[in-house]
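See structure below.
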Amino acid sequence: MSFRRAPEDWGTEVALSVRLNPPGGKLGKVAAKRLHTVPFLFAEKILRRFKSLADTGEIPTLKRNPSARVAA
């Protein structure tokens with residue numbers, strides 16, 4: 001993870017670099033290529049949660065949200 005000042009003083013840019021070394025030799029590499037969006041989506045979720053934590057000091061959750069409760 002790296003940080004740098006955003007252009008025109010718009011805060012901070014955060015970049016996440018992930019190296020995936022899948023097990024399974026050639027077959028594992030082929031499977032990883034086909035599933036390449038999974039690590040991307042995972043990284044995107046991590047960066048969004050980090051941004052929320054950095055901006056507000058907490059990670060958003062539906063735990064205490066009344067609209068997220070299951071009706072009995």
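Some observations on this one:
- Residue within region 16-32 that is surrounded by 10 or more Cβ atoms within 10 Å (Cβ to Cβ), at pLDDT 85 or above and hydrophobic (A, V, I, L, M, F, W, C) present: yes
- Selection within region 30-63 - in contact with a Leu (Cβ under 8 Å, 6 or more places away or on another chain) and in a helix (DSSP H, G or I): Ala32, Pro39, Ala43, Ile46, Leu47
- For region 1-29, a residue qualifies if it is in a loop (DSSP other than H, G, I, E, B) and under 14 Å from Ala54 (Cβ atoms), and the qualifying residues are Met1, Ala6, Gly11, Leu16.
The values are calculated or read from the model by the stated rules, or taken from the named source; none is laboratory data. Quick caveat, the model's predicted, so the values are computed rather than measured. In this analysis, Cβ positions are derived from the backbone assuming ideal geometry, glycine residues included, and neighbour counts consider all displayed protein chains.
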